[in-house]
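The values are calculated or read from the model by the stated rules, or taken from the named source; none is laboratory data. If you're wondering where the values come from, they're calculated on a predicted model, not measured in any experiment. We place every Cβ from the backbone using ideal geometry, glycine too, and count neighbours over all the protein chains shown.
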Amino acid sequence: MAVAEQAREFLTLDQLHLPPSLPVVDLEIEDYVDWTGDDALRITAIVDESARDEDLKARDVFVLKDAVRAGLQRHGIDLFPYVFLAKRSELNAPFDEDE
């Protein structure tokens with residue numbers, strides 16, 4: 001079983017106990033290889049479409065990243081989690097090389 005698949009089983013929004021001020025609606029977890037060639041995890045926290053960048057507090061993002069790392073360690077996964085925040089619309093938007 002891929003590590004990302006294992007992580008999906010226990011890294012749920014209910015398990016992470018995130019601050020209510022951080023409007024995360026879903027997590028996408030995938031196996032990843034970083035720039036050094038090391039195995040890692042890429043975790044995208046999908047935030048609500050109504051969230052404004054200026055309303056996202058750095059402290060809440062830190063709590064999210066810390067909760068992800070702690071959850072992985074509790075289950076014996078020592079891969080580094082690269083955690084990103086994005087709206088679903090941002091992920092689905094076509095890529096424009098000219099911008």
Kindly check whether there is at least one residue in the range 64-76 that is surrounded by fewer than 17 Cβ atoms within 10 Å (Cβ to Cβ) and part of a loop (DSSP other than H, G, I, E, B). yes
For Asp55, only one of the following conditions fails: (1) closer than 17 Å to Phe84 by Cβ; (2) at pLDDT below 95. What is its number? (1)
Let me confirm something: among Leu64, Leu79, Leu72, Leu41, which residue is under 16 Å from Pro23 (Cβ atoms) and either of a type in the set (A, V, I, L, M, F, W, C) or touching a Leu at 6+ places or on another chain (Cβ under 8 Å) (or both)? Leu64
Would you please name the residue that is farthest from the chain's Cα centre (by Cα), looking only at residues in the range 77-96 that are surrounded by 11 or more Cβ atoms within 10 Å (Cβ to Cβ) and of a type in the set (A, V, I, L, M)? Ile77
Is it fair to say Arg69 is basic (Lys, Arg) and touching a residue at least 24 places away in the same chain (Cβ under 8 Å)? no
Among the residues of the range 77-95, write down those that are assigned to a helix (DSSP H, G or I) and without any contact (Cβ under 8 Å) to a residue 24 or more places away in the chain. Glu90, Asn92
Quick one: in the range 28-44, which of the residues that are surrounded by 12 or more Cβ atoms within 10 Å (Cβ to Cβ) and either hydroxyl-bearing (Ser, Thr, Tyr) or in contact with a Ser or Thr (Cβ under 7 Å, 6 or more places away or on another chain) (or both) is farthest from Leu85 (Cα to Cα)? Tyr32
What number of residues within the range 35-61 are under 20 Å from Leu91 (Cα atoms) and either out of contact with any Phe, Trp or Tyr (no Cβ under 6 Å at 6 or more places or on another chain) or not hydroxyl-bearing (Ser, Thr, Tyr) (or both)? 16
Could you pull out the residue among Val47, Val61 that is under 13 Å from Ala86 (Cα atoms), hydrophobic (A, V, I, L, M, F, W, C) and touching a residue at least 40 places away in the same chain (Cβ under 8 Å)? Val47
